[in-house]
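Have a look at the structure below, then the notes.
We did not get these values from a lab; they are worked out from the coordinates using the rules stated. As the structure is a prediction and not an experimental result, all values here were calculated from the model. Here the Cβ positions follow ideal geometry from the backbone for every residue, glycine too, while neighbour counts run over all protein chains shown.
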Amino acid sequence: MLWSIIKIAVFVALVAGASFAAIYLLELEGGVRIVMAGQEFNLTPLTAAIALILLMVAIWLLLKLASLLIAVLRFINGDETAISRYFDRNRQEKGYRALSEGLMALASGEGNVAMAKANRAERYLRKPALTNLITAQAAEMAGDRRQAEEVYKRLLANEKTRFVGVRGIMRQKLSDGDTDTALKLAQTAFALKPRHEEVQDTLLKLQAQKHDWSGARDTLRAKLKYGSLPRDVHKRRDAVLALSEAQDILDEGKDIDAKEQAIEANRLSPDLIPAAVMAARSYIRTDSKRYASRVIRKAWEAQPHPDLAAAFAEIEPGETPQDRLKRFGKLLKINPDHRETKLVEAELHIAAEDFPAARRALGTLAEDDPDARTLTLMAAIERGEGSSDAVVKGWLTRALAAPRGPQWVCDNCHHIHAQWVPACENCQSFDTLTWRSPPAATVSSSTGVEMLPLIVGSLDDRSREDTPHPAPDATGTPSDTEIADAEIVEDPTPEEDRKAAN
C-alpha cells in the first residue's frame, strides 16, 4: 500500500515537472537559429527541446541499425550465427537483469516477486539450471510447497542439478516427519556428493534414529576421510556407535557379539562411561575380574560415576561390607576430591556401620552443595548415630525439595534422560549427553512440598512415634514416595541443629 502511494506521488511529480518545463519553454523569449547549407532555421525554445530529444532517439536508432547491419554482413560473409547472436544478446541482457532482480527479491524475503522474476528470466535465458533453483526456493519462501516440490523434481532430470533436487526434496520430507523417505534421499545425496557436510550430518542423524549403526559408522568414517570431523571426535563418536550396536545385540540375546562390541567401544573411548560399564560387566560374566577392574579404574580416572561404582561392586557380589570397603580403597584413591568419590566412600562406611567415618567422607557437601542423595546420606548417618526422629526426618524433608544432582543432560536442548542414549530423545542430536547437574529450577508443587521445612514440628505427638524411615536406594537417593510418606515432625532443637552441623 505504501509503495503504491509512493509510486503515484512520484508519477504526479514527474507530470507536474514536465508541465512546468513546457510552460517555461513556451514563455521563454528568443529562440535557436540554425544555418546549414545555405538554409536558415529559426526554432522556438520548445521546438528546439523537442528537436534535441528527437535527435537523440535518431542517433540511438542509427546505432542499433548499424549493429544489425554489421550482423547481416557477417552472416553474408559466412558467419551463420551472427544474426541469432545479435538478437540473443538482447535477450540475455533482459534475462540476466531479471535473474539478478530475482536474487535480490529472494534475499529480501519477497518470495512471490522472486518467482515472477525467475519465470521472466527463464523466458529470456532458457537455462533451467539457474532459474529452477530460484523458483524452488522462492516457492518455499512463499509457502507453496507443491510448486517447490515440482521444481525440485524437474531438477532431478539434469545430471548437473540432480543433487540440488534430491537435497531439496529430502529437506521437505524431514520437515514433514517422513524420516524413512528422507533416509533414502540422504543416502542418494551422499552418493552424489560424499563431501557435503550437511548431507553427512543428516544421514548420520537419520541412521542413528533408525539404529543402523553399521551404516552410521561408515558415514562417520567418510566424515573423517573428507576432513569434516577431527580424529579425536571421530574416535569418541565411533565408540558411541559401537556401544549402541552392542546394546542392540545384547537385547537380541547374543552375549558374545555384544561383549566384542562393548570392548571395542571401550577401547575406542575409555572415558565413555556406558561403554566402560558394559565392557566391565561383559568381563564379569566371563569371570575376567582383573580386566573388569582395569576398565572401571580407567573410566573412573576420567570421571567418577555411580554406574562405575555399581559395576565395580558387582565384581565381588558376596563380599562383606568391610571387605568391599577395603577393595574399593584403590578405586577411591583415584580422583579423591571428586564429589562422587566422597559419596561412594560415605555409602561404603554406612554399609559398614562406621557412621563417623561416613560423616568425615562427606565433609561439607551437605552444606556447600546439597542434593537429594547427599541429604539422604546425612539422614542415614544421623539415624546410625542414634539421633532423634526429628533430626532424621528434617534431613529427609530437605532432601525432598533439594536438587536431584548430576544426571544425563543434553548439551543442545538441556533435556534430562534417566539413562544414557546415543541421541537425545528430545532434539535427536547425536552424542550430546553429558553427566552433569541440570540447570537449577525452583521447586514448585501444588501439594506444598517446598513448605515442608517450615512446617516441620507442627505435630508434637507424631515426632515420638516409631515410624519406618526411607532407606537410600541403589544410588543413595530416596524415592519421592518414600520421603513423602515420612511423617511431619517437630523442628530440631538448637542443640540437635548444632549436632547435625558438626
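Summary table below
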read-out	value
Length added when fully stretched, residue 54-residue 8, from 0.36 nm per residue minus Cα-Cα	13.8 nm
J(HN,Hα) series, region 223-229, from Karplus relation 6.51 cos²θ - 1.76 cosθ + 1.60, nearest Hz, glycine and proline x	4, 5, 4, 8, x, 9, 8
Loop sites in region 318-403: trypsin sites (Lys or Arg not before Pro), DSSP, at most 12 other Cβ within 10 Å	333
Candidates per trypsin sites (Lys or Arg not before Pro) in region 131-178, loop by DSSP, up to 15 other Cβ within 10 Å	160
Cut-off 16 Å (backbone N to label point 7 Å along Cα→Cβ of residue 353), residues of region 299-331	320-325
Filtered GluC sites (Glu not before Pro), region 103-190: DSSP coil and at most 14 other beta carbons within 10 Å	159
Efficiency of FRET between residue 333 and residue 413 - r from beta-carbon atoms, R0 22 angstrom, step 0.05	0.05
